[in-house]
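The values are calculated or read from the model by the stated rules, or taken from the named source; none is laboratory data. Just so it is clear, the structure is predicted and the values come from calculations on it, not from any experiment. Don't worry about glycine lacking a Cβ; one is built from the backbone with ideal geometry, like all the others, and counts go over all protein chains shown.
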Amino acid sequence: MDDLTTKKCVPCDTKDLRPMAEDSAKHLMPKVVGWDLVNENGILKLNRSLKVKSFTKGLELFKLVADVAEAEGHHPDLHLVGWNNVQIEICTHAVGGLTENDFILAAKINRLDMHHLLRRKISA
């Protein structure tokens, strides 16, 4: 299987870009360990929840994710719920579902060194 972290997100304004079918998304899920595939009102998304050590550690995690997202030109929805629950949601809004871009971004987020921010060790 190709390593998604070596790929680059493509611009979302391409007319050929379409949301992937659920079967295609399920096929890519093993490449993004720790993420959940969710169907929200017919729109497929990738979700990941993490517990951070503190509110400020959550903001630090947002900054790490933001740097990757900016480099890729593909941006997730970031939520800090309560004082220590970070939720990351990824989908390609321009097509109303998942594309390979979403899996590329999730794989690159997985490679971030975030252990010092988390309440417990993660496996990825």
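Looking only at segment 46-83, residues that are part of a loop (DSSP other than H, G, I, E, B), surrounded by fewer than 17 Cβ atoms within 10 Å (Cβ to Cβ) and in contact with a helix residue (DSSP H, G or I) (Cβ under 8 Å, 6 or more places away or on another chain) come to 3 in all. Residues that are at pLDDT 95 or above, in contact with a strand residue (DSSP E or B) (Cβ under 8 Å, 6 or more places away or on another chain) and charged (D, E, K, R) do not occur anywhere in segment 62-69. Of all residues in segment 50-74, none that is touching a residue at least 12 places away in the same chain (Cβ under 8 Å) and within 29 Å of Pro11 (Cβ to Cβ) has its Cβ atom under 9 Å from the Cβ atom of a residue that is aromatic (Phe, Trp, Tyr) and surrounded by fewer than 15 Cβ atoms within 10 Å (Cβ to Cβ), 6 or more apart or on another chain.
Taken together, the criteria place Pro76 among residues that are touching a strand residue (DSSP E or B) at 6+ places or on another chain (Cβ under 7 Å), under 16 Å from Met114 (Cβ atoms) and of a type outside the set (Ser, Thr, Tyr). Inclusion of Arg18 among residues that are touching a residue at least 12 places away in the same chain (Cβ under 8 Å), surrounded by 12 or more Cβ atoms within 10 Å (Cβ to Cβ) and within 13 Å of Leu112 (Cβ to Cβ) is not warranted. Of the residues that sit in segment 98-114 and are under 13 Å from the mean Cα position of the chain (by Cα) and not in a helix (DSSP H, G or I), which one is farthest from Arg48 (Cα to Cα)? So, considering only residues that are under 13 Å from the mean Cα position of the chain (by Cα) and not in a helix (DSSP H, G or I), the one farthest from Arg48 (Cα to Cα) is Thr99. Val33 fulfils the conditions (1) outside any strand (DSSP E or B); (2) over 18 Å from Asp3 (Cβ atoms) except for a single criterion, (2).
Does segment 79-95 contain at least one residue that is under 18 Å from Lys8 (Cβ atoms) and acidic (Asp, Glu)?
The initial filter retains those residues of segment 79-95 that are under 18 Å from Lys8 (Cβ atoms), namely 90, 92, 94-95.
Those left that are additionally acidic (Asp, Glu): none.
Among the residues of segment 79-95, not one is under 18 Å from Lys8 (Cβ atoms) and acidic (Asp, Glu), which makes the answer no.
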